[in-house]
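One structure is given here, and the rest of the page talks about it.
The values are calculated or read from the model by the stated rules, or taken from the named source; none is laboratory data. The structure displayed is predicted, hence computed values, not measured ones. Note that we place each Cβ from the backbone using ideal geometry, even for glycine, and neighbour counts take in every protein chain shown.
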Amino acid sequence: MHRTQLYIDGAFTAPEAGGTFPAIDPATEQPFAEVAAGQGADIDRAVRAARRAFDSGVWSGLSGTVRAGHLRRIAQGLRDRLAEIAALEVRDNGKPLPEAEWDVGDAAFTFDYYADLAEAEDSRAEEEVDVGDARFRATIRREPLGVVGAITPWNYPLLMAVWKVAPALAAGCTLVLKPSEICSMSCEVLAQIIHAAGLPPGVFNLVTGTGPEAGQPLADHPLCDKLAFTGSVATGRKVMNAAASGIRTVALELGGKSPFLVFADCDIEKAVEWILFGIFWNKGEVCSATSRVLVERSLYPRLLERLRQAAEAITIGAGNEPGVKLGPIVSRGQYEKILAAIASGTASGARLVSGGERPAGLPTGYFLKPTIFADVPVEASIWREEIFGPVVCVNPFDTEEEALRLANDSAFGLAGAVMSDDLERCERVACRLRAGIVWINCSQPTFVQLPWGGFKTSGIGRELGRAGFEAYFETKQITRFDPAESWGWYLAGGQ
Ligand SMILES: NC(=O)c1ccc[n+]([C@@H]2O[C@H](COP(=O)([O-])OP(=O)(O)OC[C@H]3O[C@@H](n4cnc5c(N)ncnc54)[C@H](O)[C@@H]3O)[C@@H](O)[C@H]2O)c1
Ligand SMILES: C[N+](C)(C)CC=O
């Protein structure tokens, strides 16, 4: 059985304490690899290596063009190993193979995109600012932020890591990546590709391990300049507390309970397609999943019935089987959490329209039928709390105003979607949704060029796009006084 390694200071290595934990295939419930269980001592070694690499200027001192060359080699390395990584991601996470292939392609494109931005940095003029006094020349300079501690989740194990690694490297930062213990495998391949691309030792480091044993020591490490976290609100709070006590920059990409507003004038088939994609893509293990659907009352019964039929036609199975559109839930823990949420939904008085149980013919593996609840009490936890699984809640509304009120009545504000043939209404609703991402007449398409992040408890800061690059810079002012002038405050004439 393959035993993964940590990657610290340019070398693949076992954890100091030598421990491992199993990687489990959620379709078979069987272990298929041993993952290196890094701990505080490994994190410390990795952060110190990243610190040395940053302080020596071996990476931040390179031109953007040279760094871009490295990033493009990483992108190519991902493309060269796409089939292998996608298969590994399917085994580790359970997602259908075409979705995993899509993720690896996106990850490669993310490196290319940030390579372009790194290159453009070289021709970016230093910004000179007129401070209204000719004796001073003032400039604003951007410098890479330093050492980044990146902590990532299991739903897009490679892609969520790359959303941090690519812009951080492009900006000239060094980093330590701590992926989720539930899905760590593809990040080891990423480390191999980065190693093969010839980055100097210490620039990128990988420490796999559990949250308490590896994540917390990374969040607490005094030599990190920034913490970049994606995961749950509960862990995000711990990471933010750690950042606060060390006064470190922090970026949080957290959960969601995103609304999808469907107006009666839309094409019902298109609405059903996007509702399905919005909640069953990646098994609903998507931070931005549109898990609360609000439907204009005149369309509500018809749409619910069509949604039920379409959901029941989805092919469920192991992610590597052809035609499968819904793989197993990632882990036993997550499976049990979702079943408990379904039970609480039924107990709340919500109407179970479809699913809610293990599909027939799949006795092993964490399989679940796509699940639809309707007429959900708005105070019920299934309406309010993130489930992070293939469970959608559907409710009716009567007016645009009511739909917006229900949509915005949430602690989260990551994403939202609106569907209507009236594009003016769509634009109006999009502006009034309190969320960082709004889709019109679709749900979930994500582009590397656009900023990603949430309002309210869905997070702080933005990834992707130019904003995701700027997030890895410090801003410095350099103010120069003309040596030919004298200040004349204490010494008259300046001598
Ligand atoms: N907003 C986004 O872009 C986005 C994207 C993907 C996932 N998510 C969110 O992620 C969550 C699911 O991911 P998850 O279950 O892996 O989240 P999680 O919070 O359980 O774990 C995330 C990471 O934090 C680590 N961790 C756990 N305890 C820690 C601690 N005390 N200190 C430091 N690190 C610790 C874990 O090991 C893992 O690497 C969902 O809430 C989802 O919405 C958000
Ligand atoms: C769906 N995706 C990849 C945009 C990120 C969140 O889970």
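Side notes on the structure shown:
- Any hit, segment 108-123, residues being under 27 Å from residue 328 (Cα atoms), surrounded by 17 or more Cβ atoms within 10 Å (Cβ to Cβ), in contact with a Lys or Arg (Cβ under 7 Å, 6 or more places away or on another chain) and at pLDDT 95 or above: yes
Yes/no per residue for (1) over 23 Å from the mean Cα position of the chain (by Cα); (2) touching a residue at least 40 places away in the same chain (Cβ under 8 Å):
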| site | (1), (2) |
| --- | --- |
| 11 | yes, yes |
| 20 | yes, no |
| 23 | no, yes |
| 42 | yes, yes |
| 53 | yes, yes |
| 80 | yes, no |
| 93 | no, yes |
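- Selection from segment 24-54 of residues that are surrounded by 24 or more Cβ atoms within 10 Å (Cβ to Cβ) and either small (Gly, Ala, Ser) or closer than 19 Å to residue 219 by Cα (or both): 36, 38, 42, 43, 46, 47, 50, 53, 54
- Residue ID - farthest from ligand 1 (Cβ to nearest atom), chosen from residues in segment 228-253 that are among the aliphatic types (A, V, I, L, M) and over 14 Å from the mean Cα position of the chain (by Cα): 247
- For segment 421-439, taking the residues that are more than 16 Å from ligand 2 (Cβ to nearest atom) and crowded, with 21+ Cβ neighbours inside 10 Å, the one that is farthest from residue 267 (Cα to Cα) is identified as 433.
- Taken over segment 440-491, the residue count meeting the criterion of being among the hydrophobic types (A, V, I, L, M, F, W, C), within 16 Å of ligand 2 (Cβ to nearest atom) and within 22 Å of residue 113 (Cα to Cα) is 6.
- Within segment 393-479, helices (runs of 4 or more DSSP H) holding 2 or more residues that are not assigned by TED's automatic domain parsing to the domain that holds residue 291: 465-470
- Flag if residue 449 is more than 18 Å from residue 292 (Cα to Cα), among the polar types (S, T, N, Q) and modelled with pLDDT of 95 or more: yes
- Subset of segment 354-378 [surrounded by fewer than 19 Cβ atoms within 10 Å (Cβ to Cβ), touching a residue at least 24 places away in the same chain (Cβ under 8 Å) and either touching a Cys at 6+ places or on another chain (Cβ under 9 Å) or of a type outside the set (S, T, N, Q) (or both)]: 359, 362, 375, 377, 378
- Verdict on residue 394 being within 16 Å of ligand 1 (Cβ to nearest atom) and within 28 Å of the chain's Cα centre (by Cα): no
- Hits in segment 167-179 (condition: assigned to a helix (DSSP H, G or I) and away from ligand 2 (no atom under 16 Å from the Cβ)): 168, 169, 170, 171
- Residue in segment 184-198 that is within 16 Å of ligand 1 (Cβ to nearest atom), in the same structural domain as residue 148 (by TED's automatic domain parsing) and not in a helix (DSSP H, G or I) present: yes
- Test for residue 197: is it in contact with a helix residue (DSSP H, G or I) (Cβ under 6 Å, 6 or more places away or on another chain), within 25 Å of residue 66 (Cα to Cα) and touching a residue at least 40 places away in the same chain (Cβ under 8 Å): yes
- Where residue 211 falls short, out of the listed (1) under 15 Å from the mean Cα position of the chain (by Cα); (2) within 12 Å of ligand 1 (Cβ to nearest atom): (1)
- Scanning segment 288-313 for residues that are out of contact with any Leu (no Cβ under 9 Å at 6 or more places or on another chain), within 28 Å of residue 401 (Cβ to Cβ) and part of a helix (DSSP H, G or I) yields 300, 301, 302, 303, 304, 305, 306.
- Hey, residue 386 within 29 Å of residue 340 (Cα to Cα) and within 16 Å of ligand 2 (Cβ to nearest atom) or not: yes
- In segment 123-166, the qualifying residues are those that are of a type in the set (A, V, I, L, M) and assigned to a helix (DSSP H, G or I), and the one that is nearest to residue 93 (Cα to Cα) is 158.
- Residues of segment 71-91 that are acidic (Asp, Glu) and within 16 Å of ligand 2 (Cβ to nearest atom): 89 alone.
- Count of residues meeting criterion [away from ligand 1 (no atom under 16 Å from the Cβ), buried (at least 24 other Cβ atoms within 10 Å of the Cβ) and of a type in the set (A, V, I, L, M)] in segment 87-107: 3
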